[in-house]
Amino acid sequence: MHIGLVGLGKMGGNMRTRMREGGVTVIGYDRNADVSDTESLEALVEQLPTPKVVWVMVPAGGPTHDTITALADLLGEGDLVVDGGNSRWTDDKIHADLLAAKGIGFVDCGVSGGVWGLQNGYALMCGGSTADVAKAQPAFDALRPEGESGFVHAGQQPGAGHFSKMVHNGIEYAVMQAYAEGWELLEATDVVDNVPEVFASWREGTVIRSWLLDLLVTAIEDDTHLDKIRGYADDSGEGRWTVEAAIDNAVPMNVIAASLFARFSSRQDDSPAMKAVAAMRNQFGGHALHTPPPPGGDANPD
Ligand SMILES: O=C(O)[C@H](O)[C@@H](O)[C@H](O)[C@H](O)COP(=O)(O)O
């Protein structure tokens, strides 16, 4: 199979390598000429045999929309676009309709595995018609992990793949938060002698063994108290979309929502909400207030 791959960053670049190792002929395009196989999107499309299949692996939102819009002009009847980015699932229907107007098929594909995917394979969650998914199946087979699982055609409607990936990421937030809170409690006490050893022991036999646990063990083996890292966590949108979908469907999502909000809290040096709590507590009960610390000093009750 021949495929065009747009976007050769840390995900796309490794995916090109894994697809090639799996016997797929890949022509990659990236704005960074150093990693690109071809000078333009137009040149990439020209070099592909018909039916042309182009995998888009660029940041979600504007960059993905712009790339798919450009491909709608360059591709034709019977060709296929695969969106493998972390796109919002509601964008997929828009892109599927845009391409369908020209007879071009569309598959949305949530991709999990991060920088380890090159070695371990990428878990893939696809949405779209059976015929469209079949057109890209050799590429999916090259990318997916060896073994029975790691690939799903989640549904016929556009967005089924990215919706699955979105929920996967919501779960990812909550699972990471649970390990993190357990780690903080063990670190805050002197009950156990060696916290990394306790975490490492959980990797086998326990009900909470997992790859995320393995990754945390690796991190604390390298930096026992995570002193080299600031307690600040970004988010790329998937957790927010999961919580929004839960609200739309009146699904109670206590743990995933809390793990999303924990990331927002991590970005505050001082909590405006807690200032208000402290102020009210002071007003009704005369309870002591803490004032902002002088530069380099500690905050103490007045
Ligand atoms: O399954 C995966 O491989 C990850 O989920 C991957 O897709 C990415 O690392 C997250 O999207 C980061 O998401 P946040 O920036 O929202 O934590």
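Quick notes on this one:
- Across the range 141-180, the number of residues qualifying as over 14 Å from LEU80 (Cα atoms) and more than 15 Å from the chain's Cα centre (by Cα) comes to 23.
- Hits in the range 32-61 (condition: open to solvent by less than 40 Å² (accessible area, probe 1.4 Å) and not aliphatic (A, V, I, L, M)): SER36, THR38, SER40, LYS52, TRP55, GLY61
- Matching helices (runs of 4 or more DSSP H) fully within the range 203-302 where at least 1 residues are under 30 Å from GLY159 (Cα atoms): 211-222, 238-248, 254-266
- Count of the range 206-256 residues which are within 14 Å of the ligand (Cβ to nearest atom) and closer than 30 Å to THR90 by Cα: 16
- LEU215 vs. criteria within 28 Å of CYS109 (Cα to Cα), among the aliphatic types (A, V, I, L, M), in the same structural domain as SER265 (by TED's automatic domain parsing) and out of contact with any helix residue (DSSP H, G or I) (no Cβ under 8 Å at 6 or more places or on another chain): yes
- Here ASP270 meets the list (1) open to solvent by 50 Å² or more (accessible area, probe 1.4 Å); (2) closer than 30 Å to THR291 by Cα; (3) within 21 Å of the chain's Cα centre (by Cα) almost entirely, failing just condition (3).
- Close Cβ contacts (under 8 Å, 6 or more residues apart or on different chains) running from residues in the range 209-233 that are basic (Lys, Arg) to residues that are modelled with pLDDT of 95 or more comprise ARG209/TRP202; ARG209/ARG203.
- Residues satisfying the stated conditions in the range 6-31, i.e. crowded, with 21+ Cβ neighbours inside 10 Å, more than 19 Å from the chain's Cα centre (by Cα) and assigned to a strand (DSSP E or B): VAL26, GLY28, TYR29
Each row is one residue, and each column tells you yes or no for (1) at pLDDT 95 or above; (2) hydrophobic (A, V, I, L, M, F, W, C); (3) over 27 Å from THR130 (Cβ atoms).
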| position | (1), (2), (3) |
| --- | --- |
| LYS165 | yes, no, no |
| ASN169 | yes, no, no |
| TYR173 | yes, no, yes |
| GLY182 | yes, no, yes |
| LEU185 | yes, yes, yes |
| PRO196 | yes, no, yes |
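- Note on the range 58-81: residues that are more than 16 Å from the ligand (Cβ to nearest atom) and within 29 Å of VAL243 (Cα to Cα) total 7.
- Flag if GLY78 is free of Cβ contacts under 8 Å to residues at least 60 places away in the same chain, assigned to a loop (DSSP other than H, G, I, E, B) and under 20 Å from ASP108 (Cα atoms): yes
- Residues that are under 29 Å from VAL107 (Cα atoms) and in contact with a Leu (Cβ under 8 Å, 6 or more places away or on another chain) within the range 171-181 comprise GLU172, TYR173, VAL175, listed in sequence order.
- Residue check, LEU98 outside any loop (DSSP other than H, G, I, E, B), more than 16 Å from the ligand (Cβ to nearest atom) and either buried (at least 24 other Cβ atoms within 10 Å of the Cβ) or of a type in the set (Val, Ile, Thr) (or both): no
- Here ASP66 meets each of (1) closer than 24 Å to GLN137 by Cβ; (2) open to solvent by 30 Å² or more (accessible area, probe 1.4 Å); (3) within 22 Å of the chain's Cα centre (by Cα) with one exception, condition (1).
- Subset of the range 103-121 that is part of a loop (DSSP other than H, G, I, E, B) and at pLDDT 95 or above - its residue that is surrounded by the fewest Cβ atoms within 10 Å (Cβ to Cβ): GLY103
- Only one entry in SER265, SER210 is surrounded by fewer than 16 Cβ atoms within 10 Å (Cβ to Cβ), closer than 22 Å to GLY113 by Cα and within 21 Å of the chain's Cα centre (by Cα), namely SER210.
- Boolean, LEU124 is at pLDDT 95 or above, touching a Lys or Arg at 6+ places or on another chain (Cβ under 6 Å) and not β-branched (Val, Ile, Thr): yes
The values are calculated or read from the model by the stated rules, or taken from the named source; none is laboratory data. Since we're looking at a predicted model, the values are computed, not measured. Positions of Cβ are backbone-derived with ideal geometry, glycine not excepted, and every protein chain shown enters the neighbour counts. Note: accessible area is taken over every heavy atom of the protein model, side chains too, but ligands, DNA and RNA are not part of it. Shrake-Rupley method; radii C 1.70, N 1.55, O 1.52, S 1.80 Å.
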